[in-house]
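I have a structure here, written as structure tokens, and I will follow up with some questions on it.
The values are calculated or read from the model by the stated rules, or taken from the named source; none is laboratory data. Owing to the predicted nature of the structure, the values given are computational and were not obtained by experimental measurement. All Cβ positions, glycine included, derive from the backbone under ideal geometry; neighbour counts span all protein chains shown. Ligands, DNA and RNA are stripped out before the accessible areas are found, and what is left, the full protein with its side chains, is counted by its heavy atoms. Shrake-Rupley method; radii C 1.70, N 1.55, O 1.52, S 1.80 Å.
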Amino acid sequence: MRLVAWCVAIARTYDVAIIGAGHNGLVCAAYLAMAGLDVIMLERRSTVGGTAVTEEFHPGYRNSVAAYTVSLLNPKIVRDLDLAHHGLRIVEREIANFLPLDDGRYLKVGGGRTAEEVAKFSQTDAERLDDYDRRLQAIADVLRGLVLVTPPNVVEGHPLAALSALVKTGGLAARLRRLGLDLQRELLELFTASAGAYLDGWFASAPIKAAFGFDGIVGNYASPYAPGSAYVLLHHCFGEVNGKRGAWGHAIGGMGAITQAMAGAAARHGVDIRLSAPVREVVVDKGRAIGVVTDGGESVRARAVVANVDPKLLYLHLFDAAVLPAEFRRRIENYRCGSGTLRMNVALSELPDFTALPGHERAEHHTAGIIIAPSLGYMEQAYFDARTTGWSRRPIIEMVIPSTLDDTLAPSGRHVASLFCQHVAPVLPDGASWDDRREDVADLMIATVDCYAPNFRRAVVGRQVLTPLDLERTFGLTGGDIFHGALDLGQIFSARPVLGHADYRGPIRGLYMCGAGTHPGGGVTGAPGHNAAREIIRDFRRGRLRVS
Ligand SMILES: Cc1cc2nc3c(=O)[nH]c(=O)nc-3n(C[C@H](O)[C@H](O)[C@H](O)COP(=O)(O)OP(=O)(O)OC[C@H]3O[C@@H](n4cnc5c(N)ncnc54)[C@H](O)[C@@H]3O)c2cc1C
């Protein structure tokens, strides 16, 4: 059967076939095409962009469906692909975060007034902010320097390959040495400690720890006191908006504007993008990836096959198990996926009127990331609840209202909000299906915001709800994992996705990975796509893959 399909293959042989047109696939494709390679992309959905897309979810109301805020998108990629020319414009929030609290007070972060705001809770904490920020940014700078680097790959066999890894490791050591011993200690703590322990070491008052600690549990199904969560916090700090380090903002037109611009850049350089073309299998011949077959039975032949999908989906579903080394397959089976998030979009007749800061006329706090989780203890409890009952009755929510900065998303005077709800079990502990719990949990999320802004529930005129199961079905994310795999110490840098394959090359010749399951991991960065393209181009130039 497979042979018959292969016989009706498209006669042309592409240089590269990319499975999936998420933002990393698009970046990879654009760089490959700019290098003169003949590239085809096969995307399962009817639109490009993967988890970075904008759609109309209620008549007249559009929003970013999954990813909703931008910071990590690498500036080199924005320049190289000339995304501004393709219509991309990113605007900053007026303040970074707003935390309404249970006791009727609030904390604002950013806008140059963080110290003044934190001083409402602790003068000592306010005085420590500059030092905290300076040290965190110094360490984030090291990460920034590594984002576009192929990690040293731990390999067996040929001494030259080991030598190349050794040279890279030497470069890494030099970067770390420049930090000095004091910051090296801090870096070690950030890589190994919990976000909670790290923040407890800096601050005493709960609201500022909650504001910073939220980054340690976003997409990380763990307590903020779980070792390793400090790294997730750091991971959210290496971005920038329009040159402002650590800032978060919005793409005008939603996250889909980013991927539409990337698709524009790729198409301009000749990439052939096929939509509604799910890949069923990677074809392997004599130990080499030679193309793919789609669900529709179409065969596409290519000299290199690149996967934008997550490692579990790729290796456990798109391969004949017999062609993969058994030990490699076992490792992929144990690769940790399942970030425990629920995503909602709501159409609003008016802006939320917070008890802590009254008024539903647009104000700076409406442009912020509004965090409903007043303390690290609240976040920890939410995790424990989710482990036992599937979700917390007091859930963690970040709400952003992009229509306060972008009037293309909702009718005049109306708004759209993204609710990113943390700590729902990827798989429900009682064996129930998310299909049976979706609406109840969505009601709870709305009721939770309503506790802090009592006009919220009645302002909701439409909603879209994506449980972990929906994220898997809609976007192909295994376990609904927003990062294509947990960002824990055993799955980052040289160990992403598994030790021995951190250089974007798969275990079969001609096979590459370019998605968030490779270094530097999840988020709308473009970096995995950029780095994978560099390695693939290198292999074409070295003659390991032949150009048509
Ligand atoms: C709910 C949610 C919220 C998030 N919020 C943010 C945020 O605010 N900011 C941020 O920076 N990051 C955020 N992220 C993370 C970020 O969106 C992802 O880590 C990143 O976009 C992954 O990009 P990618 O290109 O590697 O993969 P994806 O975007 O997952 O793209 C993979 C593509 O492969 C396609 N595909 C799957 N199977 C097949 C197949 N068999 N054949 C062909 N195509 C296939 C999929 O349809 C998809 O288009 C969020 C993610 C989610 C899910």
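Find the residue count for segment 305-355, including only residues that are assigned to a strand (DSSP E or B), within 16 Å of the ligand (Cβ to nearest atom) and not polar (S, T, N, Q).
Just the residues of segment 305-355 that are assigned to a strand (DSSP E or B), to begin with: 305-307, 341-348, 354.
Those left that are additionally within 16 Å of the ligand (Cβ to nearest atom): 305-307, 341-346.
After this cut, where a residue has to be not polar (S, T, N, Q) as well, the list is 305-307, 342-344, 346.
Adding up the residues that qualify gives 7.
Could you list, ordered by first residue, the pairs with Cβ atoms under 9 Å in which the first is in segment 464-480 and among the aromatic types (F, W, Y) and the second is open to solvent by less than 20 Å² (accessible area, probe 1.4 Å) and within 9 Å of the ligand (Cβ to nearest atom), at least 6 apart or interchain?
Listed by first residue and then by second, the contacts come to F475/G22; F475/G50; F475/V53; F475/V65; F475/A66; F475/L466.
Just give me the residues in segment 261-296 being of a type outside the set (K, R), assigned to a strand (DSSP E or B), under 25 Å from M34 (Cα atoms) and open to solvent by 10 Å² or more (accessible area, probe 1.4 Å), in sequence order.
Correct list: D272, I273, V279, I290.
What residue, of V282, V300, V293, is touching an Asp or Glu at 6+ places or on another chain (Cβ under 7 Å), within 12 Å of the ligand (Cβ to nearest atom), of a type in the set (V, I, T) and touching a residue at least 40 places away in the same chain (Cβ under 8 Å)?
Going through V282, V300, V293 in turn, just one is touching an Asp or Glu at 6+ places or on another chain (Cβ under 7 Å), within 12 Å of the ligand (Cβ to nearest atom), of a type in the set (V, I, T) and touching a residue at least 40 places away in the same chain (Cβ under 8 Å): V293.
Something else: Restricting to segment 471-510, count the residues that are aromatic (F, W, Y) and more than 15 Å from the ligand (Cβ to nearest atom).
Step one: of segment 471-510, the residues aromatic (F, W, Y) are 475, 483, 493, 504.
Filter again for more than 15 Å from the ligand (Cβ to nearest atom), leaving 493.
Of the residues in that region, 1 qualify.
Can you list residue pairs whose Cβ atoms sit under 8 Å apart, with the first residue in segment 25-40 being away from the ligand (no atom under 16 Å from the Cβ) and the second being open to solvent by 20 Å² or more (accessible area, probe 1.4 Å) and among the small types (G, A, S)? Count only pairs 6 or more apart in sequence or on different chains.
Sorted first by the residue in segment 25-40, then by its partner, the pairs are A33/G270; D38/G270; D38/S548.
What are the pairs with Cβ atoms under 6 angstrom where one residue, in segment 517-536, is surrounded by fewer than 24 Cβ atoms within 10 Å (Cβ to Cβ) and the other, located anywhere, is modelled with pLDDT of 95 or more and in a helix (DSSP H, G or I)? Sequence gap at least six, or different chains.
H530/V27; H530/I77
Something else: If you check R505, R496, which single one turns out to be basic (K, R) and surrounded by fewer than 24 Cβ atoms within 10 Å (Cβ to Cβ)?
Of R505, R496, the one residue that is basic (K, R) and surrounded by fewer than 24 Cβ atoms within 10 Å (Cβ to Cβ) is R505.
Quick one: which of G213, G254 is farther than 16 Å from Y132 by Cα and among the small types (G, A, S)? Give the steps one after another, and end with the answer.
Details: G213 fails: farther than 16 Å from Y132 by Cα.
Among G213, G254, only G254 is farther than 16 Å from Y132 by Cα and among the small types (G, A, S).
Something else about it: Which of the residues belonging to segment 242-252 are of a type in the set (A, V, I, L, M) and surrounded by fewer than 21 Cβ atoms within 10 Å (Cβ to Cβ)? Let's see the steps before the verdict.
Taking segment 242-252 as the starting set, the residues that turn out to be of a type in the set (A, V, I, L, M) are 247, 251-252.
Within segment 242-252, A247, I252 meet the criteria.
Please note which helices (runs of 4 or more DSSP H) are completely contained in segment 404-486 and include at least 2 residues that are at pLDDT 95 or above, closer than 30 Å to N334 by Cβ and open to solvent by less than 50 Å² (accessible area, probe 1.4 Å).
Because the criterion is at least 2 residues that are at pLDDT 95 or above, closer than 30 Å to N334 by Cβ and open to solvent by less than 50 Å² (accessible area, probe 1.4 Å), the helices (runs of 4 or more DSSP H) in segment 404-486 that meet it are 434-452, 468-475.
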